[in-house]
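These notes are about the structure you will find just below.
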Amino acid sequence: MRRARGPAGAAGRTKEPDVRDVAIIEAPSVLGLRPSGVEALPEALLGAGLAAGLGAVRAGRVEPPAYDPGRDPETGVLNPAGIAAYTVALADAVGGVLDDGRFPLVLGGDCSVLLGNLLALRRRGRCGLLFLDGHTDFYQPSAEPAGEAASMELALATGRGPGVLTGFEGLGPLVRDEDVVALGFRDTEESAAAGMQPLPPALHAMDLDAVRDLGAAEAARRAVGLLTGEGRGDGFWVHLDADVLDDAVMPAVDYRQPGGLDPRELETVLRTALSGPGAAGLDVTIFNPRMDPDGSAARLLTDCLLRAFAARD
C-alpha cells in the first residue's frame, strides 16, 4: 500500500477546507466489494474531464493491499485487515489535503472508502455525514450475504460491527447516529427482506419518497441544517454512491434497483451541501466503468459534479 504523487501537508496545521480549492485523491479500493470494475472509477471520471473542469489539483493515489476473496472466519467480513490498514492510509491522505486548506474529493472504489474519509475528520473532532446512497448499507456481518463491507459501511461508521473496523485509533464510532443524514435511499423493503438491520431512530432518514415530497432543495436544506446546527461539530463529509441516481440514467452500478434521484435532483442536493461552510469533503463511489462502454454514464456523473461545484461560494 503506498501513497503516490502529492504532498501530505504539514502535521498539526489545519485550515478550514476551501470548497473552491479542490484536491482529488484517487482511492481505487475494492476491498469491501470485489474486483468488479469500480476500481477504474477514478480514471473514468478524470478521463471525462473532472479534474480539468474543477481546476483541481491531483493530491495522490492510495493503492489498496492485495484482495483476498476468502471471507474472514472471525469477523465474517471480506478483507477486514486490509480495509483497516487502507482506512488509516486514506485518512492520512485526506488529512494532508485538509491540513493544506483544500477540499478533498475522493474518487473510489467501493463504499468502504468512507471509513478512511471519516477517520480523517474524526481525528479533528466531532463530524457529521450526509449519506447519499440508493441503499442504507446498514448490514451487520452476520446478515450480509457475501461479507462485503461496502454493504455495511454506514453500520461500521456508526460503531456497529467488529472492532477491527469500528475502533480505529480509539476514536470509534467515527460518527454519531444523530450526526448522520441518510438521503435518497430506496431499498428499505428489499434490504429488510435480505436481513439488513433497520436504521437506528436517532439517525436522520430521508428516503426517496421523503425527498420527493419535500422537493430536493428543501430536503437538502433540512439535511444541511441538521448537520450544521449548534453543537454539531467540525463539519460534515458528503458520501455519494452513484446508485442513488435513477437506474434509468445510471445503470453502471453493481447492485441495481429501479428508481432513484434524477440528475437535476442530485445536483440540487450537492449544490446545497457545498454552498455553505459546513462541507469538509466529498467522495464518489460504486460507479462501474465496465458497465459504461460508451462513457455516457461517466460524462453524466462528471457533469453533475461540475455543475454542483460551480455553484459553490
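Residue by residue, here is whether (1) among the small types (Gly, Ala, Ser); (2) out of contact with any helix residue (DSSP H, G or I) (no Cβ under 9 Å at 6 or more places or on another chain) holds:
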position: GLY109; (1), (2): yes, no
position: ALA146; (1), (2): yes, yes
position: LEU154; (1), (2): no, no
position: GLY161; (1), (2): yes, no
**OP:** Determine which single condition ARG124 fails, assuming it passes every other condition in (1) at pLDDT 95 or above; (2) touching a helix residue (DSSP H, G or I) at 6+ places or on another chain (Cβ under 9 Å); (3) open to solvent by less than 20 Å² (accessible area, probe 1.4 Å).
**Re:** (3)
Original post:
Within region 29-43, can you find the residues that are within 17 Å of the chain's Cα centre (by Cα) and part of a helix (DSSP H, G or I)?
Top reply: VAL38, GLU39, ALA40, LEU41, PRO42
**OP:** Among the residues of region 280-299, write down those that are assigned to a helix (DSSP H, G or I) and either open to solvent by less than 40 Å² (accessible area, probe 1.4 Å) or over 15 Å from GLU43 (Cα atoms) (or both).
**Re:** PRO289, ALA297, ALA298
Subject >> Residues of region 174-201 satisfying the condition of being of a type outside the set (A, V, I, L, M) and crowded, with 19+ Cβ neighbours inside 10 Å >> reply: ASP179, GLY184, PHE185, ARG186, ASP187, SER191
Original post:
Is one or more of the residues making up region 108-119 farther than 27 Å from ALA220 by Cα and in contact with a Leu (Cβ under 8 Å, 6 or more places away or on another chain)?
Top reply: no
Original post:
Looking at (1) assigned to a helix (DSSP H, G or I); (2) under 20 Å from PRO69 (Cα atoms); (3) under 17 Å from the mean Cα position of the chain (by Cα), can you tell me which one TYR139 breaks?
Top reply: (1)
Original post:
Out of curiosity, is PHE138 of a type in the set (Phe, Trp, Tyr) and either out of contact with any Phe, Trp or Tyr (no Cβ under 9 Å at 6 or more places or on another chain) or farther than 25 Å from PRO42 by Cβ (or both)?
Top reply: yes
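Condition check ((1) of a type in the set (Val, Ile, Thr); (2) in a loop (DSSP other than H, G, I, E, B); (3) touching a residue at least 40 places away in the same chain (Cβ under 8 Å); (4) closer than 20 Å to GLY159 by Cβ) across all residues:
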residue	(1), (2), (3), (4)
THR75	yes, yes, yes, yes
ALA84	no, no, yes, yes
THR87	yes, no, yes, yes
VAL97	yes, no, yes, no
**OP:** Would you mind stating whether ALA149 is under 23 Å from ASP21 (Cβ atoms), crowded, with 21+ Cβ neighbours inside 10 Å, out of contact with any strand residue (DSSP E or B) (no Cβ under 6 Å at 6 or more places or on another chain) and at pLDDT 95 or above?
**Re:** no
**OP:** Give me a count of the residues in region 220-268 that are β-branched (Val, Ile, Thr), farther than 18 Å from ALA297 by Cα and in contact (Cβ under 8 Å) with a residue 60 or more places away in the chain.
**Re:** 3
Original post:
Which condition number does LEU266 fail, the rest of (1) in a helix (DSSP H, G or I); (2) over 29 Å from ARG232 (Cβ atoms); (3) open to solvent by less than 10 Å² (accessible area, probe 1.4 Å); (4) out of contact with any Pro (no Cβ under 7 Å at 6 or more places or on another chain) being met?
Top reply: (2)
**OP:** Determine whether LEU274 is under 26 Å from LEU90 (Cα atoms), in a helix (DSSP H, G or I) and in contact (Cβ under 8 Å) with a residue 60 or more places away in the chain.
**Re:** yes
**OP:** Just one of (1) at pLDDT 95 or above; (2) in a loop (DSSP other than H, G, I, E, B) trips up LEU129, so point out which.
**Re:** (2)
Original post:
So ALA220 fits all but one of (1) more than 24 Å from PHE103 (Cβ to Cβ); (2) part of a helix (DSSP H, G or I); what number is the exception?
Top reply: (1)
Original post:
Can you tell me which residues in region 202-227 are open to solvent by 60 Å² or more (accessible area, probe 1.4 Å) and touching a His at 6+ places or on another chain (Cβ under 9 Å)?
Top reply: ARG222
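The values are calculated or read from the model by the stated rules, or taken from the named source; none is laboratory data. Owing to the predicted nature of the structure, the values given are computational and were not obtained by experimental measurement. Positions of Cβ are backbone-derived with ideal geometry, glycine not excepted, and every protein chain shown enters the neighbour counts. Just so you know, the surface numbers come from the protein's heavy atoms only, side chains and all, with ligands and any DNA or RNA stripped out. Shrake-Rupley method; radii C 1.70, N 1.55, O 1.52, S 1.80 Å.
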